[in-house]
1. Give me the tail of P(r) for the stretch 79-127 as a percent: Cα-Cα pairs with distance above 15 Å.
2. Please compute, for the alpha-carbon atoms of the stretch 1-140, the extent along each of the three principal axes and give them in descending order in Å.
3. If you count the DSSP beta bridges with both ends in the chain, what percent of them are antiparallel, to the nearest 5?
4. In a solvent-free Debye calculation with one equal scatterer on each Cα, what is log10 I(q)/I(0) for the stretch 144-204 at q = 0.13, 0.17, 0.24 Å⁻¹, listed in the order of the q values?
5. Please compute the volume of the convex hull spanned by the alpha-carbon atoms of the chain and report it per residue in Å³.
6. Mind ordering 93-100, 46-53 by average Cβ neighbours within 10 Å, highest first?
7. Between 0 and 90 degrees, rounded to the nearest ten: what's the tilt of helix 178-195 against the longest Cα principal axis of the chain?
8. What's the local net charge at Ile9, with K and R +1, D and E -1, over the other residues with C-beta under 14 Å away?
Amino acid sequence: MSTEENIVIRTEKLVKSFGENHVLKGFDLELNRGENLVVLGKSGSGKSVLIKCMVGLLYPDSGLVSVFGKEIPKLTQLELDELRTKIGFLFQSSALYDSMTVRENLEFPLRRHWMHKTKDEVNELVMEALKNVGLERAVDLMPSELSGGMRKRIGLARTLILKPEIMLYDEPTTGLDPITGREISNLIVAIQEKYHTSSIIITHDMECAKIVANRIMILIDGFKYTVGTYDELVKSDDPKIKPFFA
C-alpha cells in the first residue's frame, strides 16, 4: 500500500513531446520504498524518456516529477547533482569508458561526486562493488576484454559504488543471451535484498519482469494503462494486456 512517506518517486500528469511526437501524455507513477517496479511498453512508447525525466536528463513539458519529495525541474544544478548521488542509472549500453580499466571506471563516480577518500578506502569500495556482481578478478581488465554480460555487471558495479537508494535500469537484459539475462535479473533482486533499493526497471524481457517485479506498470499511448503483479496481469483477458504476456 502506498503512503506519502513510503513514496520515493512520483509523477503526475507527466507530459513530454518531441515536436509532433507526443510521447507521454499524462503519465502517473508511484515508486514505493524498497520495491522493484517494472514498466512495460512497446518500443518508442516513452519508457526511457520517463526515467530520463526522473534524473533531469530531460525536462517535462508539464506535470510533476518528484524524487524524495523534491520536484526535479525546480532544482538548481547543484541540488540536482547532489540528488543524483542517491540515484543509480544503468544505461542500456552500460556506458563504460573504453580507455579506462575496470578499476578506473569504478573510481570515476567517486571523483566526479567529490567524495574525498583515501586510496585504501577507494580500493575497498571498488572491490566491494565488484564482489557484489561476482567480478573481482576483472578489476584490471579493459572493457574490450569483457563479454556483453560482464560489461552489464561492471556497469552495475560502477552504479552501486555510490550506494544509491534508488536504481533505474534501462533495458538491463537487452542484447544478452537468455542465461546471462537471467543472471542479471537475479542480480537485480539480490541488490534489492542487500541494499533495500527502490528500483524502476524498464524492460520488454518478460522473463526479467517475472523475476524482478514486485509490481508491473503498463504504459500504452502515453498513459499508465494498468498496474499489478505479474501473476495478476498474466491472467488478464484484456486485449491490450495479453500481447505483453503472449
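1. Value for the stretch 79-127: 53 percent of Cα pairs lie more than 15 Å apart.
2. Projected onto the principal axes, the Cα atoms of the stretch 1-140 cover 48, 33, 31 Å.
3. Around 55 percent of the beta bridges assigned by DSSP in the chain are antiparallel ones.
4. Treating every Cα as an identical point scatterer, log10 I(q)/I(0) equals -0.32, -0.55, -1.07.
5. Convex hull volume per residue, Cα atoms: 134 Å³.
6. 46-53, 93-100
7. Approximately 80 degrees, to the nearest ten.
8. So the environment of Ile9 carries a net charge of 0.
None of the figures in this text is laboratory data; all of them are computed from the coordinates on show. Bear in mind the structure is a predicted one, so any value in this text is a computation, not a measurement. Cβ atoms come from the backbone with ideal geometry, glycine included; neighbour counts cover every protein chain shown.
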